[in-house]
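Q: Input: one structure, supplied below.
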Amino acid sequence: MSKVAISKRHVFPMRVYYEDTDAGGVVFYANYLNFAERARSELLRSIGTDNRKLKDQHGILFAVSGCEVKYKKPARLDDMLEVHTVLTNVGAAKLTAAQTVKRDGEDLVLMDVDLACLNEAGRPARLPALLREALMAASNCH
């Protein structure tokens, strides 16, 4: 993993496309989970790795083990959004991320996502030391 300087908050900019919306041009509620997944993948890239490398080099992957979502306001077709991700817990085999979808600085959707680190057999696995260090450096955890 390369050393990359990052902030404690990762911001993933994105646009709402037609495929993200319902017939009324409003983002379909479940698509916010996809937006959050993309943001977490980009967070991994920002610390010098990605999901494919983790699987190929370490035999691990992340699975969502829990998610709480609060919908405050809808996003619409062609909106420019930002998904803000803050790691609030980095454990030996678990992560927790607070993710907020924003439009023009306004909170639209709030998510607390619990992630389990698993081996390829689907069993809990410890985070590799270098990955855990990088995630800790990228988190608000002490």
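Q: Considering only Val26, Val11, Val113, give the residue with the highest GNM mean-square fluctuation for the chain, with springs between Cα atoms whenever their separation is below 10 Å.
A: Fluctuation is largest for Val26.
Q: Could you tell me what percent of the DSSP beta bridges with both partners in the chain are antiparallel, to the nearest 5?
A: Values: 38 of 38 bridges.
Taking every DSSP beta bridge within the chain, about 100 percent pair in antiparallel fashion.
Q: Could you compute the net charge surrounding Lys70? Neighbours are other residues with a C-beta less than 15 Å from the C-beta of Lys70; K and R count +1, D and E count -1.
A: Details: positive: Lys72, Lys73, Lys102; negative: Glu68, Glu106, Asp107, Asp112.
Summing Lys/Arg as +1 and Asp/Glu as -1 gives -1.
Q: Using Cα springs under 10 Å in a Gaussian network model of the chain, which residue among Ala125, Ala75, Ala23 shows the largest mean-square fluctuation?
A: Looking only at Ala125, Ala75, Ala23, the largest GNM fluctuation is found for Ala23.
Q: Shifting gears a bit: Using r as the Cβ-Cβ distance of Arg15 and Asp107, and R0 as 25 Å, what FRET efficiency do you calculate, to the nearest 0.05? Intermediate values should be presented prior to the final figure.
A: On the way: r = 18 Å, r/R0 = 0.73.
With a Förster radius of 25 Å, E is 0.85.
Q: Provide the gained length on full extension for the span Lys53 to Glu37, in nm with one decimal, where the gain is 0.36 nm per separating residue minus the Cα-Cα distance. Intermediate results must be reported in sequence, preceding the final value.
A: Numbers: separation 16, 0.36 × 16 = 5.76 nm, distance 1.66 nm.
Net length gain for the segment: 4.1 nm.
Q: Let me spell out the model: positive unit charges on the Cβ of Lys and Arg, negative unit charges on the Cβ of Asp and Glu, origin at the Cα centre of the chain. What dipole size does that give, in debye rounded to 20?
A: Numbers: 20 positive and 18 negative charges, 107 e Å.
The calculation lands at about 520 debye.
Q: Let me ask you something else. I need the calculated FRET efficiency for the pair Asp114 and Met80, taking r as the beta carbon distance and R₀ as 41 Å, to the nearest 0.05.
A: Values: r = 28 Å, r/R0 = 0.69.
Computed FRET efficiency for Asp114 and Met80: 0.90.
Q: Positive end of the charge dipole of the range 10-137 (Lys, Arg +1 and Asp, Glu -1 on Cβ, about the Cα centre): tell me which of Gln57, Ala23, Phe12 has its Cα farthest that way.
A: Gln57
Q: Helix 31-46: angle to the longest alpha-carbon principal axis of the chain, degrees 0 to 90, nearest 10?
A: Helix 31-46 and the main axis of the chain meet at about 40 degrees.
Q: Which values of log₁₀ I(q)/I(0), to two decimal places, follow from the Debye formula for the chain at q = 0.18 Å⁻¹ with a uniform point scatterer at every Cα?
A: -1.01
Bear in mind these aren't lab numbers, they're just calculated from the coordinates by the rules spelled out. This is a predicted model, so every value here is computed, not measured. Glycine gets a Cβ as well: all are built from the backbone with ideal geometry, and neighbour counts include every protein chain shown.
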